[in-house]
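Take a look at the structure below.
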Amino acid sequence: MDIIEDTYRHKGLRRLLVEEIRKKGIRDEAVLDAIGRIPRHAFMDSGFINFSYKDSAFPIGAGQTISQPCTVAFQTQLLEVKPHEKVLEIGTGSGYQAAVLFEVGANVYTIERQRELYINSQQLLHRMGYKMHFFYGDGYAGLPAYAPFDKILVTAGATEIPETLLKQLKIGGRMVIPVGNNERQEMTLVIKTSETEIDVTSHGSFMFVPFLKGKT
Ligand code: SAH
């Protein structure tokens, strides 16, 4: 963490961001604490540093975005991560959501299909002292060699709930995945109630970059 400059100004802006997210309905104190601790400006291109603590999504290169803090908080809250749980994140992107999962106690496995983002986020999180498992590959396939997972979080907009990922979820496990078309997706919570049954609920409309097949 030492190399990342985190000034009083950054800390002050971050406190305001946490209050804004709380007002928008996030109740999970562990998630709010995580947002309060993580220097989000480190995950954004230098030109955007002044926007780091606004509750908005921003470009991170390779045509991708760092998700809006409120969305990151909402997805993490829905996942109900308990300390030491094995969590698979699909779409490492900037690495910010992975850092939030780490801060709420998860044992994080994260996979990204764009090589440049995979390399950059891995380097950054390593420099910041976050210990987790990084993979370059197609999230549609999940990580069968490391399955089953307690929780799975998809941070790109899918058109369906992928069977392959359901197979890699423990019974009783939760998967949070935005499902819809290219424009809008419903935040979907899938609870695997038995080997063959799932319980699916919807939690509002969001906009994500697409969950694409294959890797670049
Ligand atoms: N969690 C990220 C959000 C990044 S946006 C963050 O906190 O910054 C979604 C990411 O999903 C993009 O980086 C995109 O490249 C990635 N993605 C899309 N389809 C994918 C797939 N099939 N496998 C792995 N990553 C994928």
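The values are calculated or read from the model by the stated rules, or taken from the named source; none is laboratory data. Note that the coordinates shown come from a computational prediction; the quantities given were computed from them, not determined experimentally. A quick note on method: Cβ atoms are made from the backbone with ideal geometry, for glycine too, and the neighbour counts reach across all protein chains shown. In case anyone asks, the SASA skips ligands and DNA or RNA and just uses the protein heavy atoms, side chains included. Shrake-Rupley method; radii C 1.70, N 1.55, O 1.52, S 1.80 Å.
Summary table
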item: About the Cα centre, charge dipole magnitude for the chain (Lys/Arg +1, Asp/Glu -1 at Cβ), debye; result: 320 debye
item: Solvent-accessible heavy-atom area per residue, rounded to whole Å², over region 8-206 at 1.4 Å; result: 45 Å²
item: The chain: calculated mean residue ellipticity at 222 nm from DSSP helix runs of at least 4, using -39500 (n - 2.57); result: -8500 deg cm²/dmol
item: Accessible-area composition of the chain, carbon plus sulfur, in percent [1.4 Å probe]; result: 54 percent
item: Across Lys167/Lys213; Lys24/Lys131; Lys82/Lys131; Lys24/Lys167; Lys82/Lys192; Lys24/Lys170, pairs whose alpha-carbon gap is larger than 22 Å; result: Lys24/Lys131; Lys24/Lys167; Lys24/Lys170
item: Gaussian network model of the chain, springs between alpha carbon atoms under 10 Å - residue of Gly12, Gly180, Gly137 with greatest fluctuation; result: Gly12
item: The chain: radius of gyration over Cα atoms, expressed as a fraction of 2.2 N^0.38 Å; result: 0.95
item: Gyration tensor (Cα) of region 1-98, equivalent ellipsoid semi-axes in angstrom; result: 20, 17, 13
item: Region 135-216, dipole about Cα centre (Lys/Arg Cβ +1, Asp/Glu Cβ -1), debye to the nearest 20; result: 240 debye
